[in-house]
Amino acid sequence: MTRILIRTFAAGFYKVHAGLLLTLFVTLFINFFFTNVLNQTHLNQEQILLNNLKLVLTSVSNPVAMGVLFLIWLGYTLKSCQYVAAQLLLIQYQFLFYSTNAMSLRKQFQTWFVVQTVISIPILLLGIFAVGVGFSFDYYFIPLIIPFYLLILISGSAIFYTKLLNNLSEKTATSSIPELIKNLPKPLYSLFFYQIVYRFKLTYGITKVISTILIIGMYALFRDHPDDIRIAGISILAVIAAHSVLIYESNEFERSYLSFSRNFPLTRTVLYFQFAALYGLMILPEIILIFCINLPSIAAMVSVLGLGTALLFRTILYWQNQKMGVYLKTVFGLFILSALAVMFGGLLWLIVIYMVVSVVLFNRNYYKLTE
């Protein structure tokens, strides 16, 4: 039963949420293992090691930094619980109500504990690494808390799954959309926001937390050069990469529910600007934060880069309707290439190229039928 649950829920969770995992944990691992200054010739080996581990040392020595990391782990765990709970309500998994309940509650808890442990491998690896580094540099208090916190997260999830399977009952579907939102105007481009409110609230919240941490983290790591446009450029690229799952879901939403809208008497220009409005509103909190941190001229250029990148990531799906796994690999590759271009001073060229390519892909492929 444990193997069946791992293959069903753990493997499914990693497949569906590959974008969040790539964005969050690849970013964290890169900074945990390899945070360098531009010129290390004046540093000895011990100083280089301390500089490379600056982020993780801050996490195990500063309660505020550790609290931020704990919130990320909590969000990850809540997301996994939401996914498993939603899957358990599907008809094809109703057999688990009979098969797992044939075991004792203790056995059920143990089984789900193993499943949640497999789902939590990314945060467990980060936690083990943080504990090891903390003990190596004589930080003991926070590293001792980390294992207990992770144990609470995994145990709590196992208890939640066990209670859920032992209390399955048919419930009348009720709308979770607030009355105030129901009365708001709903132009075509804004409909995906209501889908976020209805289905992707947690995903949207976690994405915004990750985006905020990415922006603040970048400026904290390079606080000696706050006006360097490259820092802002890479920050906004990371923010758009963090939104890749939502961008993909917006395409799926359009294909599933809005295919009729292609018969509307709207020009391609109007439709393209509607897409720009949608993704501009989606990243508006991050743009406001960037304007608060940077000079207005830098913030404006970086905002246009972010919007152009989001539109490119979206129009790629018109050109080639990819599965999520392939799409996320494409996004990750583009993110790496874009970051390198920004590092070598190509931010303006990147804006022009991304805007032009997104317009071309949109005009050529919007009305093409997809499988």
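Taking the criterion of being farther than 21 Å from Tyr367 by Cβ and β-branched (Val, Ile, Thr), the residues of the stretch 243-292 that qualify are Val245, Ile283, Ile287, Ile288, Ile290.
Yes/no per residue for (1) among the small types (Gly, Ala, Ser); (2) closer than 23 Å to Phe273 by Cα; (3) in contact with a Leu (Cβ under 9 Å, 6 or more places away or on another chain); (4) at pLDDT 80 or above:
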site	(1), (2), (3), (4)
Leu168	no, no, yes, no
Thr172	no, no, no, no
Gln195	no, yes, no, yes
Gly205	yes, no, no, yes
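Every residue in the stretch 334-349 that is free of Cβ contacts under 8 Å to residues at least 60 places away in the same chain and either part of a helix (DSSP H, G or I) or touching a helix residue (DSSP H, G or I) at 6+ places or on another chain (Cβ under 6 Å) (or both), please. Correct list: Leu334, Ile336, Leu337, Leu340, Ala341, Leu348, Trp349.
Number of residues in the stretch 111-124 that are without any contact (Cβ under 8 Å) to a residue 12 or more places away in the chain and touching a helix residue (DSSP H, G or I) at 6+ places or on another chain (Cβ under 8 Å) equals 0. Number of residues in the stretch 229-248 that are open to solvent by 40 Å² or more (accessible area, probe 1.4 Å) and of a type outside the set (Lys, Arg): the value is 1. Only a single criterion out of (1) open to solvent by less than 60 Å² (accessible area, probe 1.4 Å); (2) modelled with pLDDT under 80; (3) closer than 23 Å to Phe200 by Cα is not satisfied by Phe29, namely (3). Checking the stretch 302-319 against the condition returns a match, with at least one residue being farther than 17 Å from Leu348 by Cβ and at pLDDT below 85. Looking at Tyr367, Tyr318, Tyr354, Tyr327, just one residue is surrounded by fewer than 18 Cβ atoms within 10 Å (Cβ to Cβ) and in contact (Cβ under 8 Å) with a residue 40 or more places away in the chain, and that residue is Tyr367. Looking only at the stretch 267-294, count how many residues are in a loop (DSSP other than H, G, I, E, B), out of contact with any Pro (no Cβ under 9 Å at 6 or more places or on another chain) and either open to solvent by less than 20 Å² (accessible area, probe 1.4 Å) or touching a residue at least 12 places away in the same chain (Cβ under 8 Å) (or both). Residues meeting the conditions: 1.
The values are calculated or read from the model by the stated rules, or taken from the named source; none is laboratory data. Computed from a predicted model, the values in this text were never measured in an experiment. All Cβ positions, even for glycine, are placed from backbone atoms using ideal geometry, and neighbour counts span all protein chains on display. Just so you know, the surface numbers come from the protein's heavy atoms only, side chains and all, with ligands and any DNA or RNA stripped out. Shrake-Rupley method; radii C 1.70, N 1.55, O 1.52, S 1.80 Å.
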